[in-house]
Amino acid sequence: MSDSVSDSVSDSVSDSVSDSVSDSVSDSASDSVSTRPDYTGVLLAFGFFFSAVLAVLSQGKLSAYQWDVTSGGLVLLLLHALLSARLPKRGPWIAAVALALVALLRPGSTYGAHVRGLYAGTDLSERMVSPDFGYDYREQRAMASLLRERGARRGDSLHVRGYEPTVYVLSGLRSPARFFENHLHSWWVSDFEVLERAKASHYARLGESAPTFFATRAELPVDEEVLPAAGYERVGVVGRFALWKRVDEAAPLPRWPEGWWREPERRARATAP
């Protein structure tokens, strides 16, 4: 009986020690796995960032402002790098707040001055100007007011020459064309055949839809030949833009001459820096 009790105690102690060692090893392995940095997020952020870089490079858009598209990937990369460094979870948030404060409080910061002005209720229209791109927010606001004065209603359409998305937002109107941007900047494009088809489709759709309002610019005089014949009447001038309204619905639809853009683009390419 003594042997039986001894064996039982021995087995019990052995099992207990075995279980303890097993649990200890398991916990140790688990801790090792849980504390091992996870670089999946970093790799995904790298992929996102470099795909944005390749997209910009493939289009040949080397102007500084074009690189804004990479900022999202860069921010993700930094955040995942902070997380992978096994910092406290609040670390990335602290870093994000610190970056925002630097942008707000740095002396001479345009962003900071803009935010502070908005908070104080200051009219910032005079600051929302970019001479390099011929942009002036006040001009866009004045055009939206003129559209309302000329009877623009919900459901009316508008097409504006150039790259002027602000007036669409302020007026609540939309362009019926394929593209709302009409810059003559085709020297950035290498596949001219695709561009030709896109432009032909754009002007065909613009003609078929006959927008209620049309804002022209002096550098594209072809519009002043096309619009009057299609029942449009000039109803005002705002800065660089002349605003037209289609007042004769029985008039023929607007028709731009096929390939009219080739000569103005040739001149634009010749004078491009």
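The values are calculated or read from the model by the stated rules, or taken from the named source; none is laboratory data. Note that this is a predicted model, so its numbers are computed, not measured. Please note: Cβ atoms are built from the backbone with ideal geometry, for glycine as well, and neighbour counts cover all protein chains shown. These area figures cover heavy atoms from the full protein model, side chains too; ligands, DNA and RNA do not enter into them. Shrake-Rupley method; radii C 1.70, N 1.55, O 1.52, S 1.80 Å.
Within region 138-151, the only residue that satisfies the criterion of being open to solvent by less than 60 Å² (accessible area, probe 1.4 Å) and either in a loop (DSSP other than H, G, I, E, B) or more than 29 Å from Arg205 (Cβ to Cβ) (or both) is Gly151. Of all residues in region 95-122, those that are part of a helix (DSSP H, G or I), open to solvent by 80 Å² or more (accessible area, probe 1.4 Å) and farther than 21 Å from Leu76 by Cα total 6. Taking the criterion of being buried (at least 18 other Cβ atoms within 10 Å of the Cβ) and either in contact with a Leu (Cβ under 6 Å, 6 or more places away or on another chain) or hydrophobic (A, V, I, L, M, F, W, C) (or both), the residues of region 231-251 that qualify are Val238, Phe241, Ala242, Leu243, Trp244. When the residues of region 152-181 are narrowed to those that are without any contact (Cβ under 8 Å) to a residue 12 or more places away in the chain and within 23 Å of Glu208 (Cβ to Cβ), which ends up least open to solvent (accessible area, probe 1.4 Å)? This residue is Gly155.
For (1) at pLDDT below 80; (2) outside any loop (DSSP other than H, G, I, E, B); (3) of a type in the set (A, V, I, L, M, F, W, C), each residue gets a yes or a no:
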{"residue": "His183", "(1), (2), (3)": "yes, no, no"}
{"residue": "Trp187", "(1), (2), (3)": "yes, yes, yes"}
{"residue": "Glu193", "(1), (2), (3)": "yes, yes, no"}
{"residue": "Arg197", "(1), (2), (3)": "no, yes, no"}
{"residue": "Gly236", "(1), (2), (3)": "no, yes, no"}
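Against the numbered list (1) closer than 17 Å to Tyr203 by Cα; (2) open to solvent by 20 Å² or more (accessible area, probe 1.4 Å); (3) of a type outside the set (Asp, Glu), Pro254 comes up short only at (2). Looking at region 137-156, is at least one residue more than 12 Å from Lys245 (Cα to Cα) and touching a His at 6+ places or on another chain (Cβ under 6 Å)? Looking through region 137-156, none of the residues is more than 12 Å from Lys245 (Cα to Cα) and touching a His at 6+ places or on another chain (Cβ under 6 Å).
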